[in-house]
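Just so it is clear, none of the values below were taken in a lab; they were calculated from the coordinates. The structure presented is a predicted model; accordingly, all values stated were derived computationally and were not measured. No Cβ is skipped: glycine too gets one built from the backbone with ideal geometry, and neighbour counts run over all protein chains shown.
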Amino acid sequence: MKKIIITGGAGFIGSHVIRLFVNKYPDYHIVNLDALTYAGNLENLRDVEAATNYSFERGDITDEQFIDGLFATADFDAVIHLAAESHVDRSIMDPLSFVKTNVIGTAILLNAAKKYWADKTDKLFYHVSTDEVYGSLGETGFFTEDTPYDPRSPYSASKASSDHLVRAYHHTYGLPMVISNCSNNYGSHQFPEKLLPLMINNILQSKPLPVYGKGENVRDWLWVEDHATAIDVIFHQGKVGDTYNIGGFNEWKNLDIVHLLCSIMDKKLDRLAGESAKLITFVKDRAGHDKRYAIDATKLNSTLGWKPSLQFEEGLERTVDWYLANNTWIENVTSGSYKKYYNQQYTSR
Ligand code: NAD
Ligand code: TYD
């Protein structure tokens with residue numbers, strides 16, 4: 001039986017990866033290591049928590065003693081590392097917590113893997129990263145695996161640092177690793193600080209929809225379950241030491257995506273066409289706002305045969321359906337520090 005530790009499994013993408021691995025691989029034991037920050041929520045995993053091949057370990061990746069102890073007692077075959085501070089706006093308000101979790105936390109995990117795996121080559125450290133490490137594109141072009149790193153926000157700089165550390169442990173100590181850099185994800189269980197769930201929540205409450213700047217920035221959107229299947233394929237078939245870009249060739253201007261969302265929500269909520277769009281409010285732009293991201297996923301498509309499964313419009317509708325059916329989830333995750341964050345972020349914008 002393979003023993004795999006997945007970090008950040010109670011978060012948005014991590015919970016989808018855990019669900020996929022627990023259900024698809026009954027002969028793997030999946031350990032979910034998560035600190036349960038504001039972004040982590042065990043409700044995301046209710047449907048798999050009773051599975052005999054799943055267990056949860058609450059802990060912080062920046063706690064060196066705890067991580068060392070965990071690796072000393074469990075003989076892990078692989079790490080899939082997703083735990084991170086993940087929201088750009090929070091990184092602008094509090095960069096040091098991003099350095100702590102994303103850089104130091106990753107280094108602590110790498111050190112434990114290096115120490116307890118020694119020179120064994122049948123292990124794997126899979127580091128989940130973002131396309132934001134490549135910087136910002138102009139009107140044309142795509143990020144490939146060879147695009148030089150040019151991170152511009154504290155979030156992307158901290159993720160770039162962690163990518164560099166993972167590669168450095170491979171080159172210096174021979175640690176078997178693989179990295180993937182994915183575009184913006186959307187789908188169920190995403191915390192309502194990110195664009196789509198924030199807009200869905202505000203439409204439900206008839207609150208203003210804060211579009212940064214003129215809404216002309218472009219993001220490349222991927223269904224979160226397609227990200228999880230890409231991680232599955234790369235984990236099992238990716239070349240050790242290599243990097244894979246993950247994306248669905250699906251670029252949207254922010255304003256267009258918000259309009260599409262408004263029209264879907266008008267229909268679902270039996271509102272008059274155009275009613276939700278009236279809530280759109282242009283607000284002060286994000287500091288250092290990256291203009292455009294677009295992933296070239298040709299390498300992953302052609303070498304490992306992975307393709308996204310879902311058209312964006314269908315995925316967005318499914319996402320809206322999930323949020324409409326899970327109002328209690330929204331209430332629960334926004335009941336803590338969310339109001340304070342929201343006021344700090346949007347009140348005087
Ligand atoms: P998320 O914020 O929803 O979840 C992060 C999880 O990590 C939470 O469960 C949180 O409790 C946990 N965590 C945070 N700090 C921790 C610590 N110190 N110790 C242990 N656990 C900790 O994030 P997400 O959107 O699911 O992103 C997951 C990973 O994927 C991140 O590494 C992110 O950089 C990367 N990524 C995200 C996107 C995206 O669109 N969301 C795109 C590409 C890559
Ligand atoms: P976000 O979901 O934070 O992802 P990222 O910044 O990592 O790409 O934001 C997606 C885009 O939406 C980004 O260009 C910023 C913009 N945005 C808004 O216009 N308003 C908002 O309230 C938020 C959260 C984001």
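Here are a few things to note about the model shown:
- Counting neighbouring Cβ atoms within 10 Å and putting the fewest first, the residues D232, D290, D47 line up as D47, D232, D290.
- Unit charges on C-beta of K, R, D, E only; dipole of the range 233-349, Debye: 420 debye
- Length gained on full extension, A74 to K24, computed as 0.36 nm times the residue gap minus the Cα-Cα distance: 15.8 nm.
- Members of K24/K307; K207/K267; K123/K239; K268/K291; K159/K194 lying beyond 23 Å, as alpha-carbon distances in this model show: K268/K291
- A Förster radius of 51 Å, combined with the Cβ-Cβ distance separating K100 from A273, puts the computed FRET efficiency at roughly 0.60.
- Full-extension gain in nm, T303 to E57, via 0.36 nm per residue minus C-alpha separation: 85.1 nm
- Relative contact order for the range 108-165, counting Cα pairs under 8 Å that sit 6 or more residues apart, in percent: 31 percent
- q = 0.13, 0.14, 0.19 Å⁻¹: log10 I(q)/I(0) that the Debye formula gives for the range 152-306, counting C-alpha atoms only: -0.73, -0.82, -1.21
- Value of relative contact order over the chain, rounded to a whole percent, pairs C-alpha under 8 Å and six or more apart: 17 percent
- Pairs of Cα atoms farther than 35 Å apart, the chain, %: 19 percent
- R0 of 45 Å, Cβ-Cβ distance S335-K120: FRET efficiency to nearest 0.05: 0.50
- The range 52-180: C-alpha pair distances exceeding 21 Å, %: 43 percent
- Look at C262, C182 and count the other Cβ atoms within 10 Å of each Cβ; fewest to most, that gives C262, C182.
- The angle between the Cα long axis of helix 224-237 and the longest principal axis of the Cα atoms of the chain comes to about 20 degrees, rounded to the nearest 10.
- Percent of alpha-carbon pairs separated by more than 20 Å within the range 186-256: 46 percent
- Computed from the Kirkwood radius of its Cα pairs, the Stokes-Einstein diffusion coefficient for the range 219-264 at 37 °C and 0.692 mPa s stands at 262 µm²/s.
- Three-way shape call for the range 1-48 based on the alpha-carbon gyration tensor, with the a/c threshold at 1.5: prolate
- Cα gyration tensor shape of the range 1-110, rounded if a/c is under 1.5, else prolate or oblate by comparing a/b with b/c: oblate
- As a proxy for reagent exposure, T7, T130, T62, T172 were ordered by neighbouring Cβ count within 10 angstrom, fewest first; the result is T172, T62, T130, T7.
- Gain on full extension, evaluated as 0.36 nm per residue between N343 and V283 minus their Cα-Cα distance, stands at 20.2 nm.
- Rounded to whole Å, sorted largest first: equivalent-ellipsoid semi-axes of the range 258-337, Cα gyration tensor: 29, 20, 17
- Across the options W117, V99, A168, the greatest Cα extent toward the positive end of the charge dipole of the range 72-190 (unit charges at beta carbon of Lys, Arg, Asp, Glu) belongs to W117.
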